[in-house]
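Below is one structure, written out as structure tokens; the observations come after it.
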Amino acid sequence: MIVALTGTPGTGKSTIGELLRSSGWTVVELSDIVRDGKVSTSLDTERGSLEVDPEELDKAVSSTLPSGDALLIGHLSHLLTVDLIIILRCRPSVLAERLRSRGWSEDKIWENMEAEACDVILVESVEMGGEVVELDTTSLDPSQAVAAVEEILAGEREKYAIGHVDWSDEVMGWF
Ligand SMILES: Nc1ncnc2c1ncn2[C@@H]1O[C@H](COP(=O)(O)OP(=O)(O)OP(=O)(O)O)[C@@H](O)[C@H]1O
Ligand SMILES: [Mg+2]
């Protein structure tokens, strides 16, 4: 089974991915594939980020994937050919603290808080038409989040069904 572990920046994809790798899962960090020059990139000068074509990334990933189960880690992983999408979620105010501790600019933090609040990745994931679950990491520590992801990988779906994450109480305070 190929699984996408996606989510807004700062929700914990790489942290959880590394822990899963150390417990034996095959984990592919998509940013490594981009960094290795396996796909073409263009610079988004306004946002200061590298843009990648998901179709090209999909081809590059499928040509390098070993056989068997694998977890694809990254905020574009849900746009690739996968059997299951796991979306990591985080309350926007907590996400802001995680991103602030990285030294990110307030503009970039705000952009990501908005994306999280507006369910951007959830909507994109549902549009892919496959199986999607979501995990709220806000009050978990990384090891608890890993245990929850492992529970999902073992077959639990109902507990993590989409729709249970709702940041509207916090978002209403922004107006
Ligand atoms: N439950 C949790 N699960 C994962 N990370 C957590 C959790 N709680 C707090 N954190 C912290 O949040 C941060 C998440 O950063 P990480 O780089 O893993 O995010 P990411 O989703 O990979 O971001 P990016 O899209 O920018 O690569 C880390 O500092 C981690 O320690
Ligand atoms: Mg990461």
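Fewest first, what order do His164, His78 take by the number of other Cβ atoms within 10 Å?
Taking fewest neighbouring Cβ atoms as first place, the list is His164, His78.
When only DSSP loop residues count, what trypsin sites (Lys or Arg not before Pro) in segment 72-169 have their Cβ near at most 15 other Cβ atoms within 10 Å?
Qualifying residues, ordered by number: Arg102, Arg157.
Run the reach check for Lys38 against aspartates and glutamates, Cα to Cα strictly under 17 Å, same-chain hits fewer than 8 apart removed. What comes back?
Leaving aside aspartates and glutamates fewer than 8 places away in the same chain, those within reach of Lys38 are Glu29, Glu51, Asp53, Glu55, Glu56, Asp58.
Could you give the length gained by full extension between Arg35 and Asp53, i.e. 0.36 nm per residue of separation minus their alpha carbon distance, to one decimal place?
That pair, Arg35 and Asp53, stretches by 5.1 nm at full extension.
Based on the Cα atoms of the chain, what semi-axes does the equivalent ellipsoid have, where each is the square root of 5 times one gyration tensor eigenvalue, given in whole Å with the largest first?
That gives 24, 21, 15 Å for the three semi-axes.
Could you compute the net charge surrounding Glu158? Neighbours are other residues with a C-beta less than 13 Å from the C-beta of Glu158; K and R count +1, D and E count -1.
Result for the local shell: -2.
Roughly how big is the chain's charge dipole about its Cα centre, with Cβ charges of +1 (Lys, Arg) and -1 (Asp, Glu), in debye to the nearest 20?
Result for the chain is approximately 500 debye, rounded to the nearest 20.
Contact order normalised by length for the chain, with contacts defined as Cα pairs under 8 Å and 6 or more residues apart; what percent is it?
29
Among DSSP beta bridges whose residues both lie in the chain, state the antiparallel percentage, nearest 5.
About 20 percent, rounded to the nearest 5.
Put a dot 7 Å past each Cα toward the Cβ at Thr26 and Arg157; how far apart are the dots in nm?
2.3
Treat every Asp and Glu Cβ in segment 7-78 as -1 and every Lys and Arg Cβ as +1, leave all other atoms uncharged, and give the resulting dipole magnitude about the Cα centre to the nearest 20 debye.
In total the dipole reaches around 240 debye.
Roughly how many Å is it from the Cα centre of segment 67-105 to that of segment 130-171, as a whole number?
Value for the Cα centre distance between the two parts: 12 Å.
Only the coordinates and a few stated rules stand behind these numbers; no lab work does. Keep in mind that what you see is a predicted model, and the values were worked out from it rather than measured. Positions of Cβ are backbone-derived with ideal geometry, glycine not excepted, and every protein chain shown enters the neighbour counts.
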